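A.B. asks: Sharing a structure with you now.
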Amino acid sequence: MSTTASRRAEIAGAGFAGLTAAIALARTGWSVRVHEQNDTLRDFGAGILLWRNAMLALEVIGVAPRIRAEGVVPDAYATSLNGEAFDPELAGYPYWAITRPRLHAILVDAAREAGVELVTDSRAVAAEPSGVLVLEDGTRIAADLVLACDGAGSAVRNSRPELAQERKRYQDGVCRVLVPRPEEFRGEEWDRVIDFWTLEPDAMRILFITTGPDTIYLGMMATTDNESASRIPIDPEVWSARFPHLARVIELAAEAEGGRHDAYQTNRVEPWSAGRVVLVGDSAHAMCPALGQGASVGMVNAVELAHVLTEHDDLDTALAAWEERQRAMTDAAQARSAYMAETRTLARGNGFTPEVMETANFELAAATDEHLAVYPVPLVATDAP
Ligand SMILES: Cc1cc2nc3c(=O)[nH]c(=O)nc-3n(C[C@H](O)[C@H](O)[C@H](O)COP(=O)(O)OP(=O)(O)OC[C@H]3O[C@@H](n4cnc5c(N)ncnc54)[C@H](O)[C@@H]3O)c2cc1C
């Protein structure tokens, strides 16, 4: 067991990965500072699914009770294709839906409580393997560990030629918005994830997720060459023509502020560290959002990193052990998400096979039996065909 009391981490990026890593490190005795390029600490207006793996990570760092209190457990995952509904899946599975701004605010509160220093308007541009973070204004800060949590386009990662990356773009993109919940979309049949698909003449999908009594998160997927369906603000005519029964929420989506369109793109980086510079989150493994696992895997890897650092005094040994432990799960999550995005397998229902659920069911080395007991996996989720 190492003593980390005197160790210092500098983190670039106050997204879900950076904040989770900061809390996890601070709780194991590190002195931590996070640099966020924006002038405020926030995330944009959409929702997010936190799978069992993410909830375990958040349980380890003491954040999960607030997610459980402020988020929503979908009662099932229901898919329909061209109006035909398949049998709902994942009944009783322990996963949560919450708005991204709420999740972000909860993590910021927890980071402050753990003694993390959060600095805004602070853009990182590079890092050096000896353990130096370089800021845009030329400031050089020495640390025992520099974490690049600055997202898929990571400037810190791009400054290190020894971190080789493959980037890939896919055919789809998603408009994400939060809308107020109208009266006709209240009631039990809407308290679930509903995945509405049409595949002709081209794929369009509305992922409907209740994020609380007053809000609905809509993820509206289309191919990026379908320009009118790949636009924020939402074009209500294009979407209502395909999903007429959702016209009311589509109208609200068209009026929503703060939404965003993203094309699917991924990166695979190897190795994840160069000396004392380490990548955590989308900087290391941005993935297709088909399974909603990107942030969840980033948070798992952040918590596992802090845990492995308690097991080894030597940083090189710890970083190697961490990558060895997390790499297979992460690569598999990326590959499965890409497969799901390319084949549109989820459109045909019953997509959450035991293999697909392996990422969500991943059990962290940092999790204790008490943590695991909070998130029992119902047999139906793992025994499905
Ligand atoms: C359509 C869609 C739906 C998704 N749904 C889900 C889901 O349901 N569940 C799930 O688990 N995942 C989901 N994801 C994935 C998830 O959004 C990402 O994996 C996650 O946001 C990545 O977090 P991060 O902290 O690594 O990076 P980011 O969220 O990109 O955060 C990076 C932070 O670093 C800051 N920054 C950037 N550059 C610098 C710099 N140079 N210096 C300082 N700060 C910097 C940014 O401003 C930002 O605050 C989805 C993704 C998409 C596209």
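The values are calculated or read from the model by the stated rules, or taken from the named source; none is laboratory data. This is a predicted model, so every value here is computed, not measured. FYI the Cβ positions are ideal-geometry reconstructions off the backbone, even for glycines, and counts take in every protein chain you see. Accessible surface areas use protein heavy atoms only, side chains included; no ligands, DNA or RNA. Shrake-Rupley method; radii C 1.70, N 1.55, O 1.52, S 1.80 Å.
A.B. asks: Residues in the range 217-228: is at least one assigned to a strand (DSSP E or B), more than 16 Å from the ligand (Cβ to nearest atom), surrounded by fewer than 17 Cβ atoms within 10 Å (Cβ to Cβ) and modelled with pLDDT of 95 or more?
C.D. replies: No, every residue in the range 217-228 fails to be assigned to a strand (DSSP E or B), more than 16 Å from the ligand (Cβ to nearest atom), surrounded by fewer than 17 Cβ atoms within 10 Å (Cβ to Cβ) and modelled with pLDDT of 95 or more.
A.B. asks: Another question, if that's okay. Does GLN293 satisfy the criteria of being under 30 Å from ALA85 (Cα atoms), open to solvent by less than 30 Å² (accessible area, probe 1.4 Å), in contact (Cβ under 8 Å) with a residue 12 or more places away in the chain and touching a His at 6+ places or on another chain (Cβ under 8 Å)?
C.D. replies: No; evaluated as a whole, the condition is false for this residue.
A.B. asks: Please give the helices (runs of 4 or more DSSP H) falling wholly within the range 3-118 in which 2 or more residues are among the charged types (D, E, K, R).
C.D. replies: Here the list reads 52-60, 64-70, 100-113.
A.B. asks: Scanning the range 267-281 for residues that are assigned to a loop (DSSP other than H, G, I, E, B) and more than 11 Å from the ligand (Cβ to nearest atom), which turns out least open to solvent (accessible area, probe 1.4 Å)?
C.D. replies: TRP272
A.B. asks: Determine whether ALA97 is within 21 Å of the chain's Cα centre (by Cα), touching a residue at least 40 places away in the same chain (Cβ under 8 Å) and open to solvent by less than 20 Å² (accessible area, probe 1.4 Å).
C.D. replies: The answer is yes for ALA97.
A.B. asks: What residue, of ALA302, ALA290, ALA295, ALA284, is on the phi < 0 side of the Ramachandran plot, within 14 Å of the chain's Cα centre (by Cα), modelled with pLDDT under 95 and not in a strand (DSSP E or B)?
C.D. replies: Of the residues listed, the single one that is on the phi < 0 side of the Ramachandran plot, within 14 Å of the chain's Cα centre (by Cα), modelled with pLDDT under 95 and not in a strand (DSSP E or B) is ALA290.
A.B. asks: Residue check: is ALA286 within 9 Å of the ligand (Cβ to nearest atom) and of a type outside the set (S, T, N, Q)?
C.D. replies: So ALA286 fits the description; yes.
A.B. asks: Can I ask one more? Inspect all residues belonging to the range 59-76 and state whether any of them is closer than 18 Å to ALA290 by Cα and within 14 Å of the ligand (Cβ to nearest atom).
C.D. replies: The answer is yes; a qualifying residue exists.
A.B. asks: In this structure, is ARG157 within 18 Å of TRP272 (Cα to Cα), open to solvent by 60 Å² or more (accessible area, probe 1.4 Å) and either part of a strand (DSSP E or B) or within 13 Å of the ligand (Cβ to nearest atom) (or both)?
C.D. replies: Against the criterion (within 18 Å of TRP272 (Cα to Cα), open to solvent by 60 Å² or more (accessible area, probe 1.4 Å) and either part of a strand (DSSP E or B) or within 13 Å of the ligand (Cβ to nearest atom) (or both)), ARG157 does not qualify.
A.B. asks: I need the full set of residues from the range 37-64 which are surrounded by fewer than 24 Cβ atoms within 10 Å (Cβ to Cβ) and out of contact with any helix residue (DSSP H, G or I) (no Cβ under 8 Å at 6 or more places or on another chain), in order please.
C.D. replies: Within the range 37-64, GLN37, ASN38, ASP39, THR40 meet the criteria.
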